[in-house]
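Here is the structure we will look at.
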Amino acid sequence: MRINSAIQAAIDLTAGAAGGTACVVTGQPFDTAKVKMQTFPDMYKGIVDCFVKTYKQVGFRGFYKGTTPALVANIAENSVLFMCYGFCQQIVRKIVGVDRKTKLSDLQNAAAGSFASAFATLVLCPTELVKCRLQAMHEMQLSGKIIQGHNTVWSVVKGVIQKDGPLGFYRGLSSTLLREVPGYFFFFGGYELSRTFFASGRSKDELGPIPLLLSGGFGGSCLWIAVYPVDCVKSRIQVLSMAGKQTGFMGTFVTVVRTEGVLALYSGLKPTMIRAFLANGALFLAYEYSRKLMMKQVDSY
């Protein structure tokens with residue numbers, strides 16, 4: 001049975017939302033450590049030191065600061081990403097001149113994912129800005145960059161609107177695009193390549209949960225290894241702009257390299273890689289199984 005394009009888009013969007021939720025629930029503490037270490041590398045000696053200090057200073061809830069905007073960000077991003085991924089796959093098929101039912105190669109799927117990420121960036125940037133600011137609020141106060149922090153989602157949102165207006169939510173948009181477009185080429189490319197390896201000539205749709213988890217984890221790891229310095233610059237722009245005007249991507253990049261060295265761009269890489277494997281494995285497992293379930297339900301009618 002051929003599924004209507006609108007129904008297919010709704011299925012992809014819903015499955016993407018399920019994947020985004022699984023991603024946040026699994027990886028939020030590691031994401032919090034990543035943002036803290038990226039923005040204030042001098043405060044922490046490593047991932048263990050960051051976890052210990054966060055727990056002592058703020059308690060267990062400190063690891064889940066920014067969870068609400070993180071959920072909104074990931075659900076919104078992955079819903080749009082996977083919905084657009086389906087459309088972009090059709091665009092790639094038209095470009096290469098094959099039938100709409102033809103299976104794309106791993107490289108072609110990677111290109112489709114890269115195109116789709118540009119659309120997802122537009123919904124991701126505002127929510128990720130709020131998330132990053134909440135995660136690093138304690139450090140902003142400790143460093144004296146701000147006197148009083150905003151401890152709730154609404155107070156951060158209100159602060160952005162009052163200070164910069166609606167466009168303030170798009171601070172770091174260029175660096176987010178620079179991260180997402182090449183990053184998702186490696187993300188989907190790594191995922192599809194890994195699935196091809198595990199399938200060994202069989203259909204990829206027949207893969208069980210363990211190969212899907214490992215493939216998702218591999219795809220996530222490929223993404224972060226490829227674009228981590230860009231993400232570090234993005235986090236600094238979005239967080240430090242609370243204290244005043246922040247230079248753009250190139251200005252921030254050059255300042256970090258000159259004053260702190262190239263290695264500062266890799267602060268927080270360890271928690272990021274742990275999170276990348278666990279969270280993206282959960283993301284693709286939730287996405288593939290929920291999508292498969294919905295497709296079966298539609299086929300049964």
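The values are calculated or read from the model by the stated rules, or taken from the named source; none is laboratory data. Please read all numbers here as calculations on a predicted model, not as lab measurements. A quick note on method: Cβ atoms are made from the backbone with ideal geometry, for glycine too, and the neighbour counts reach across all protein chains shown. All accessible areas refer to the heavy atoms of the entire protein, side chains included, with ligands and DNA or RNA removed. Shrake-Rupley method; radii C 1.70, N 1.55, O 1.52, S 1.80 Å.
So the values come out like this:
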read-out	value
List 42, 106, 205, ordered by accessible area with a 1.4 Å probe, largest first	42, 205, 106
Carbon and sulfur %, accessible surface of the chain computed with the full protein complex present, 1.4 Å	67 percent
Per-residue ³J(HN,Hα) for region 105-111, Karplus 6.51 cos²θ - 1.76 cosθ + 1.60, θ = phi - 60°, Hz, x for Gly and Pro	6, 4, 5, 5, 5, 4, 5
Computed over the chain: relative contact order in percent, which uses C-alpha pairs under 8 Å that are six or more apart	28 percent
Under Karplus coefficients 6.51, -1.76 and 1.60, residue-wise ³J(HN,Hα) of region 58-71 in Hz, glycine/proline x	10, x, 4, 5, x, 6, 10, 4, x, 5, 4, x, 5, 5
Which of 209, 30, 89, positive extreme of dipole for the chain (C-beta unit charges)	30
Nearest-ten-degree value, helix 173-199 long axis tilted from longest Cα axis of the chain	40 degrees
Between helix 153-164 and the chain: long-axis angle, C-alpha atoms, 0 to 90°, nearest 10	70 degrees
Accessible area (Å², per residue) of region 190-256, counting only protein heavy atoms and a probe of 1.4 Å	40 Å²
In degrees, nearest ten, helix 249-260 long axis to first principal axis of the chain (Cα)	60 degrees
Computed magnitude of the charge dipole of the chain (debye, nearest 20; Cβ of K, R +1, Cβ of D, E -1)	340 debye
Cross-link partners of residue 56 among lysines (Cα-Cα below 27 Å; sequence separation of 8 or more within a chain)	34, 36, 45, 65, 131, 145, 270
Ranked by how many other beta carbons lie within 10 Å on average, peptides 116-126, 183-193, 251-261, 285-295 from highest	183-193, 116-126, 285-295, 251-261
Cβ-derived FRET efficiency at R0 51 Å, residue 262 paired with residue 25, nearest 0.05	0.90
Estimated inter-spin distance, residue 57 and residue 5, nm [label 7 Å along Cα→Cβ]	5.1 nm
Under the Karplus curve 6.51 cos²θ - 1.76 cosθ + 1.60, θ = phi - 60°, whole-Hz ³J(HN,Hα) for region 125-142, x wherever Gly or Pro sits	3, x, 6, 6, 4, 5, 4, 4, 5, 5, 5, 9, 4, 4, 5, 5, 6, 4
Positive-pole candidate from 169, 144, 184, dipole of region 125-195, charges at beta carbon	144
Nitroxide proxy distance, nm - points 7 Å out along Cα→Cβ at residue 100 and residue 300	2.6 nm
Region 195-232: trypsin sites (Lys or Arg not before Pro) in DSSP loop, at most 16 other beta carbons within 10 Å	202
Residues with amide H under 5 Å from that of residue 66, placed H, sequence gap 5 or more	none
Trypsin sites (Lys or Arg not before Pro) within region 1-97, DSSP loop, no more than 10 other Cβ atoms inside 10 Å	2
Gain on full stretching of the segment that runs from residue 200 to residue 245 - 0.36 nm per residue minus C-alpha separation	10.9 nm
